[in-house]
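The values are calculated or read from the model by the stated rules, or taken from the named source; none is laboratory data. Fair warning: this is a prediction, and the values are worked out from it, not measured in the lab. Using ideal geometry, Cβ is built from the backbone for each residue, glycine included, and neighbour counts are taken over all protein chains shown. For the accessible areas, the whole protein counts, side chains as well, though only heavy atoms, and no ligand, DNA or RNA atoms are used. Shrake-Rupley method; radii C 1.70, N 1.55, O 1.52, S 1.80 Å.
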Amino acid sequence: MPGLLDEVQQPVGRLSPRRQLWLTWQALRMVWASAPRDFCLVAAGALITGVGAGAQVMLTNGALQGVLSGSADAGLPTTAVLYLLALVAVTAALKFTASFQSERERIVGELVARHAQTQVLEVAASKRLESFEQPEFYNRLERATVTAEMRPVQLASGLLGTISSGVATLGVLVALLVISPWLGLMLLVSAVPLWLATGRSNRMLYAFNFRMTHLDRSRAYLSYLVTSRENAAELRACQANPFLRGYIDDLYDRRIDGVRHMTRRRILATSLGNAANAVVVMVVMLLAVFMVSRGWLTLAEAGAVFVAIALVSQRLAAASDSVLRLHESILFVEDLVGFIEQEEGPGPDPEDRPSAPLNTIRLDNVAFQYPSGTSHALHDVDMEFSAGQVIALVGENGSGKTTLAKVIAGLYQPTGGTVRWDDQRLTEEVALARRHQVGAMFQDFVQYRLSVADNIAMGRPGRRDDDESVRDAARRAKAHEFIEALPDGYDTQLGSQFLGGLELSGGQWQRLALARVFFRDADLLILDEPTSALDPRAERELFDDIRSLCNGRTVLLISHRFANVRSADRIFVLANGRVCESGSHDELMAVNGRYAELFRLQADGYHETRQPL
């Protein structure tokens, strides 16, 4: 499977401190935009935690001072008791605050996840159709989608945890600085190796995931082939599952090898950081003992210092974990922000709005090349037709019929020449504004696993409540009868993978797709092989009634069965991306060119005197 298993990612450069700060700001904005109230509550909890942690150190110092100042006979001094009661109260309050923050962080994470996924969906929906022809776009979309699904909870937890642990550490350090500035500064230095190790470890993880994107997409596609209903019959008939599983195993082996290598490097980085932190903490503790021996610290102050060291070590561990999650998330936010910051497409489809009726469509010297293609799919196409006509595009496979239809509809922008609707050039903005005038049923139409009515109403979702129009469209597509026979009629859930869902035949799905086009009620209807799954009688009926069914609208009909397009007002014959002939059926037969040749070849297949196979 050459190409599918190849890694195509480029090495990941290290983010500059400025970029990291900017991404941190973007992450903060994302959290704030998603959950401002809950964020404020967690931030307030962080402030309480910080003040409370500093208070714990000072209360410990006060309690020890009170204990050491009293005599054995007098019992525990009242001041010491008060300090101890206050310490217990503060500790209990901090535990409650920590529990409150943890639950609020969960809510914030869910809200951020929804916000991020909504942004990804909006951007993906607004991108040019050509973007979906590029592997690089799919890689960016995959990383942004995974980031939006998996990282928001981690991002919120890391950001809020960093704030909480940072404020708590600061509170303890402030208290320690009051007791001994030098010890406080040295303890602060102990956090540096942890942060350096965290940054290096996260860069390794991000680089690994970046490189794995293409392989992971390939593995997901192969897994879909093996598990999807649509492919199950053919794969079993061909006994191809072991073959595909072999590729999946190979991809997993390559990923696991990469994970092992990355894990060894991350363990080394974090171990060195923890070792350096432990050395600095040990030096601080030894220095505190030395200062007591010299009389520079009292025993009470030394006790408070050791409590502070324990609290700071605990908070630094929590802060390190939070920073680890935050930094890791920020690196992946780079993917999300980078995807959202891409060159904007034309924007989301606007609501239907009135526009001038479509009278003529003209193409002048139109060319088109797919972004990943090496040659043009269309060359120098000139054509013109008027409203109300039935126009047929015919030609052999790969001649460019569907591509041309998408260019005419404004779904693709030509890479050369111009498309005009009336006197208006069909730019991206114009195509978007007039998209409500186009209805299309392509050969690879979508089978929506929704209700029957929703399947039809997807043609124009804004009219979903117009049940009578839904039924009328179904009648025109000759789908009403079989729909009424379903268990719940138009409310029947489709798709056997869902509870209560039913599966339809290929012809029934195609009739729903036709009904969807009729329901759209657009000026220009594109029908790309609209009868490929229908039986011969139904196919003949559809083409015989095409004009009445479309109510005089402009129809662009694509079919490889030449007999079905005989009644078209004008037939354009394509070969190798060019229009080689055009005219009515009689005119093209009289020319005796490519159309006549292909028409006779198909007609000979049904000739009674032809020898049996």
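Here's the yes/no breakdown for (1) open to solvent by less than 10 Å² (accessible area, probe 1.4 Å); (2) part of a helix (DSSP H, G or I); (3) modelled with pLDDT of 75 or more; (4) touching a strand residue (DSSP E or B) at 6+ places or on another chain (Cβ under 9 Å):
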| site | (1), (2), (3), (4) |
| --- | --- |
| Val172 | yes, yes, no, no |
| Val178 | no, yes, yes, no |
| Ser201 | yes, yes, yes, no |
| Tyr206 | no, yes, no, no |
Name the pairs whose Cβ atoms lie under 8 Å apart, with the first residue in region 436-455 and at pLDDT 90 or above, the second of a type in the set (Lys, Arg) and open to solvent by less than 40 Å² (accessible area, probe 1.4 Å), and 6 or more positions between them or separate chains? Met441/Arg516; Asn455/Arg516
Residue check: is Ser372 open to solvent by 60 Å² or more (accessible area, probe 1.4 Å), of a type in the set (Ser, Thr, Tyr), over 30 Å from Gly184 (Cα atoms) and at pLDDT 65 or above? yes
Set Arg449, Arg434: member being open to solvent by less than 70 Å² (accessible area, probe 1.4 Å), out of contact with any Lys or Arg (no Cβ under 7 Å at 6 or more places or on another chain) and farther than 22 Å from Asp523 by Cα: Arg449
Note on Leu557: of the conditions (1) at pLDDT below 85; (2) touching a helix residue (DSSP H, G or I) at 6+ places or on another chain (Cβ under 8 Å), unmet is (1)
From the residues in region 452-477 that are farther than 30 Å from Gly398 by Cα, part of a loop (DSSP other than H, G, I, E, B) and touching a helix residue (DSSP H, G or I) at 6+ places or on another chain (Cβ under 6 Å), which one is least open to solvent (accessible area, probe 1.4 Å)? Arg460
Of the residues in region 222-247 that are under 23 Å from the mean Cα position of the chain (by Cα) and open to solvent by less than 80 Å² (accessible area, probe 1.4 Å), the one that is nearest to Glu503 (Cα to Cα) is Ser228
Looking at this structure, is Glu384 charged (D, E, K, R), open to solvent by 40 Å² or more (accessible area, probe 1.4 Å) and touching a strand residue (DSSP E or B) at 6+ places or on another chain (Cβ under 6 Å)? yes
When both residues are 6+ apart or on different chains and their Cβ atoms are under 6 Å apart, which pairs have a first residue that lies in region 498-512 and is at positive phi, and a second that is open to solvent by 50 Å² or more (accessible area, probe 1.4 Å)? Gly500/Gln493
Only one of Ala453, Ala533, Ala513 that is more than 29 Å from the chain's Cα centre (by Cα) and either within 27 Å of His436 (Cβ to Cβ) or of a type outside the set (S, T, N, Q) (or both): Ala533
With the first residue restricted to region 197-221 and required to be touching a residue at least 12 places away in the same chain (Cβ under 8 Å) and basic (Lys, Arg), and the second required to be outside any helix (DSSP H, G or I) and open to solvent by 20 Å² or more (accessible area, probe 1.4 Å), Cβ contacts under 7 Å at 6 or more apart or on different chains are Arg203/Arg14; Arg211/Glu7; Arg211/Gln9
In region 542-569, what residues are more than 41 Å from the chain's Cα centre (by Cα), open to solvent by 20 Å² or more (accessible area, probe 1.4 Å) and more than 17 Å from Val517 (Cα to Cα)? Asp544, Ala563, Arg566, Ser567, Asp569
Region 253-276 - residue that is within 30 Å of Leu225 (Cβ to Cβ) and in contact with a helix residue (DSSP H, G or I) (Cβ under 7 Å, 6 or more places away or on another chain) and, of those, most open to solvent (accessible area, probe 1.4 Å): Arg254
Which ranges mark the strands (runs of 3 or more DSSP E) fully within region 497-613 that have 1 or more residues being closer than 25 Å to Glu468 by Cα? 524-528, 554-558
Kindly indicate the residue of region 387-412 that is at pLDDT 90 or above and charged (D, E, K, R) and also nearest to Gly439 (Cα to Cα) among those meeting that condition. Lys406
Exactly one of Leu393, Leu426, Leu378 is open to solvent by less than 20 Å² (accessible area, probe 1.4 Å), free of Cβ contacts under 8 Å to residues at least 40 places away in the same chain and among the aliphatic types (A, V, I, L, M), and that residue is Leu426
Against the condition modelled with pLDDT under 90 and open to solvent by 10 Å² or more (accessible area, probe 1.4 Å), how does Ser532 come out, does it pass? yes
Could you check how many residues of region 88-137 are under 29 Å from Gly161 (Cβ atoms) and free of Cβ contacts under 8 Å to residues at least 40 places away in the same chain? 13
